[in-house]
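Have a look at the structure below, then the notes.
The values are calculated or read from the model by the stated rules, or taken from the named source; none is laboratory data. No experiment lies behind these values; they were computed from the predicted model shown. Neighbour counts run over all protein chains shown; Cβ positions are idealised from the backbone, glycine included. SASA here: full protein model, heavy atoms, side chains in, ligands and nucleic acids out. Shrake-Rupley method; radii C 1.70, N 1.55, O 1.52, S 1.80 Å.
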Amino acid sequence: MNAAGPNAANIAAMAGIDLPVEPRKRTNFLFDCATPPPLDIPLMINPDGVWTRPEGKHFLTGCSPEPDGPADPNDFDPNHAEFEEIIWPALAARSKNFEAIKVLRFWAGHYAYNTLDQNAVTGAHPEISNFIFANGFSGHGLQQAPAMGRGIAELICHGKYQSLDLTPLGFERILSQTPFKEKCVI
Ligand SMILES: Cc1cc2nc3c(=O)[nH]c(=O)nc-3n(C[C@H](O)[C@H](O)[C@H](O)COP(=O)(O)OP(=O)(O)OC[C@H]3O[C@@H](n4cnc5c(N)ncnc54)[C@H](O)[C@@H]3O)c2cc1C
């Protein structure tokens, strides 16, 4: 079973398998807003990829850096410049309420980024049938975790998916280079 997150390609390589999943660093910032928007805002995503949402009485934010690319999976240093140069200007342009904001906390992690189609790779390898993958969630794995966990459990216990057919996310599309594109990745 390969459930190694951003380290997935290294685990696949142990079996001689090329898995197009790479670590991509993302920094998240928690900020205080001097005059918050009067209404509760939902998750807001700018066309440039800058996003923000309320987090208690504060706000959480991040962006997709440009250029983006493979990162050292052991590098957890937050990229402070992203807030100053990308996020703050974008938020301030979106709303005057976001002009006076102050970073309170920040941290960095890594997306397990599927470079073929930004989507998960699940199920058994077509040629090594006892090697099961749950990889490449590309920044949206938490929300898919319940379905993935159930699907993989069904595959192991019953030899096939029962409640939800996850075969479109299988390894076959990697071999045939047929993307099953996820377009809404932030
Ligand atoms: C900043 C950030 C924000 C995110 N926001 C969201 C969000 O809002 N919504 C959402 O749905 N998803 C979000 N995600 C993505 C989500 O966190 C991941 O998709 C999810 O955690 C992936 O789960 P996983 O179990 O596949 O991998 P991981 O949680 O990375 O777990 C992999 C595990 O494998 C272990 N491991 C690695 N190599 C080995 C080895 N050789 N031997 C043994 N163990 C090993 C690691 O230590 C780790 O515990 C975000 C990710 C980041 C970085």
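The table for this structure:
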quantity: Assigned charges on the beta-carbon of Lys, Arg, Asp, Glu; the chain dipole about Cα centre (debye); calculated: 500 debye
quantity: 3J(HN,Hα) from dihedral phi, region 87-97, Karplus parametrisation 6.51/-1.76/1.60, rounded to Hz, x for glycine, proline; calculated: 6, 4, x, 5, 5, 5, 5, 6, 8, 4, 4
quantity: Under-5 Å amide H pairs with Glu55, H placed in peptide plane, nonlocal only; calculated: Leu60
quantity: Alpha-carbon Rg/Rh ratio, for region 23-114, with Rh computed the Kirkwood way; calculated: 0.97
quantity: Given the chain, longest segment not containing exposed loop trypsin sites (Lys or Arg not before Pro) (DSSP; at most 12 other Cβ within 10 Å); calculated: 58-159
quantity: For His140, distant residues with modelled amide H under 5 Å away; calculated: none
quantity: Positive dipole terminus of region 1-100, leading residue within Pro20, Pro6, Thr61 (C-beta point charges); calculated: Thr61
quantity: Residue-averaged 222 nm ellipticity for the chain, from DSSP H runs of 4+ at -39500 (n - 2.57), nearest 500; calculated: -5500 deg cm²/dmol
quantity: Distance (nanometres) between label positions extended 7 Å along Cα→Cβ at Ile128 and Glu154; calculated: 2.6 nm
quantity: Sequence ranges 38-50, 117-129, ranked by mean other-Cβ count within 10 angstrom, highest first; calculated: 117-129, 38-50
quantity: Inter-centroid distance (Cα atoms) of region 26-69 relative to region 159-186, Å; calculated: 30 Å
quantity: Under 16 Å from Lys57, Cα to Cα: aspartates and glutamates that are on another chain or at least 8 residues apart; calculated: Asp32, Asp40
quantity: The chain, accessible area per residue, ligands and nucleic acids excluded (1.4 Å, Å²); calculated: 56 Å²
quantity: At q = 0.17, 0.19, 0.20 Å⁻¹, base-10 log of I(q)/I(0) for region 117-175 (Debye sum, equal scatterers on each alpha carbon); calculated: -0.50, -0.63, -0.69
quantity: The chain, accessible surface, carbon-and-sulfur percent (1.4 angstrom probe); calculated: 55 percent
quantity: Residue-wise HN-Hα coupling along region 37-45, computed from phi with Karplus coefficients 6.51, -1.76, 1.60 (Hz; x: Gly, Pro); calculated: x, x, 9, 5, 8, x, 4, 10, 10
quantity: Convex hull volume per residue in cubic angstrom - Cα atoms of the chain; calculated: 128 Å³
quantity: Amide H partners (placed H, <5 Å) of Ala124, local residues excluded; calculated: Phe133
